Structures are given as C-alpha cells and as structure tokens.
Amino acid sequence: MKMFLKKNRKWIINLLFFGVLAGLTFFFLFKDNELSDLAAAIQNTNGLWLIGGLLAMLAFLSFEALNIRMLMNTLAYRPGFMKCLKFAVIDFYYSAITPGASGGQPAQICYMKREGVEVGSSSLALLMFN
C-alpha cells in the first residue's frame, strides 16, 4: 500500500484537488437554487434541441481538427485525426477557462510539443488557422 501511495502520489493529490474544486463549484452554483427547479428545467427541455446542440459541438470540434490536420500536413507532420481532435478539444477547454479566452493556443502548443511537434511549426500552424 505504501508503494502504491508513493508511486501515485501526484495522481492522488490531483484527484483530491479536482474533487474539492468540483465540490466548491457545485456548492456555489446551487447554494441559492433548488435542485427540484433544475430537474424541472431539464424535464421541460426539448431533447431534439439538446441532441442538435451536441451534434453541432461535435461538428465544430471535428472541423477544427480537420483544419489543424491539414495545416500540420503542409508542415510535414502527419498527425492522425484523433490527435488533432485532442488538440481541438484542448483549445476549446483552455479557451473556456482562461480570461479573455487567451489560454487555448498556448495550451495547444504545449500539448503539440509533447506529441513531438516543434514549437515553431505548431505556432505557425495555429497562426495560419486563426
């Protein structure tokens, strides 16, 4: 057990931090609202609109992934569609959580570097994309 804790200490700390952060988020979101109101709002929604929204989101991310893949191919990198989809999701996520949506492209560059893409090439691809 000690070996497991020592080996996975970083994961455990990150998981605990995520749990506390999620708990605080839900607490502050729902402290002035009733859960029954939320349940009623969900029941009153039209499921087709929700499905349409999810499909539009998937299409947006897929088209961004295809654009990234096309630009990376012109720079002599051959990433697969799933890697490019990962880069698109990273951009969307970090843009959503940073002020002014300024964190998406730097995060993409960091993750592309981890995948073996040079920083200059990834910067140029994202510059051409945007």
Long-range neighbours under 6 Å by Cβ, at least six apart or interchain, first residue open to solvent by 60 Å² or more (accessible area, probe 1.4 Å) within segment 107-130, second basic (K, R) and modelled with pLDDT of 90 or more: V119/K113
Residue within segment 55-73 that is assigned to a helix (DSSP H, G or I) and at pLDDT below 90 present: no
Pairs where the first residue, in segment 86-97, is under 19 Å from A56 (Cβ atoms) and among the acidic types (D, E) and the second is at pLDDT below 90 and open to solvent by 80 Å² or more (accessible area, probe 1.4 Å), C-beta under 8 Å, 6+ apart: none
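Looking only at segment 74-85, which residues are part of a helix (DSSP H, G or I), open to solvent by less than 80 Å² (accessible area, probe 1.4 Å) and under 18 Å from V119 (Cα atoms)?
Looking only at segment 74-85, we keep the residues that are part of a helix (DSSP H, G or I), and these are 74, 81-85.
Then keep just the ones that are open to solvent by less than 80 Å² (accessible area, probe 1.4 Å); that gives 81, 84-85.
Once the filter is applied, which keeps residues that are part of a helix (DSSP H, G or I), open to solvent by less than 80 Å² (accessible area, probe 1.4 Å) and under 18 Å from V119 (Cα atoms), segment 74-85 yields only C84.
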Verdict on S95 being surrounded by 10 or more Cβ atoms within 10 Å (Cβ to Cβ) and either part of a helix (DSSP H, G or I) or not β-branched (V, I, T) (or both): yes
Segment 1-25 residues that are in a helix (DSSP H, G or I), paired with ones that are at pLDDT below 80 and open to solvent by less than 100 Å² (accessible area, probe 1.4 Å) (beta carbon under 9 Å, 6 or more apart): I12/L5
Which numbered condition F27 misses (of (1) over 20 Å from the mean Cα position of the chain (by Cα); (2) under 27 Å from R114 (Cβ atoms); (3) open to solvent by 90 Å² or more (accessible area, probe 1.4 Å)): (2)
Every residue from segment 52-73 that is farther than 15 Å from L126 by Cβ and open to solvent by less than 80 Å² (accessible area, probe 1.4 Å): G52, G53, A56, M57, A59, L61, S62
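Which one of N44, N14, N8 is surrounded by fewer than 10 Cβ atoms within 10 Å (Cβ to Cβ), more than 30 Å from M128 (Cα to Cα) and not acidic (D, E)? Step through it out loud before you land on a result.
Values: N14 fails: surrounded by fewer than 10 Cβ atoms within 10 Å (Cβ to Cβ); N8 fails: surrounded by fewer than 10 Cβ atoms within 10 Å (Cβ to Cβ).
Among N44, N14, N8, only N44 is surrounded by fewer than 10 Cβ atoms within 10 Å (Cβ to Cβ), more than 30 Å from M128 (Cα to Cα) and not acidic (D, E).
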Of all residues making up segment 52-73, the number that are among the aliphatic types (A, V, I, L, M), closer than 24 Å to K113 by Cβ and within 18 Å of the chain's Cα centre (by Cα): 4
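The values are calculated or read from the model by the stated rules, or taken from the named source; none is laboratory data. What you are looking at is a predicted structure, and each value in this text was computed from that prediction instead of being measured. Neighbour counts are summed over all protein chains in view; Cβ atoms, including those assigned to glycine, are modelled from backbone coordinates with ideal geometry. The area values use the complete protein model at the heavy-atom level, side chains included, leaving out ligands, DNA and RNA. Shrake-Rupley method; radii C 1.70, N 1.55, O 1.52, S 1.80 Å.
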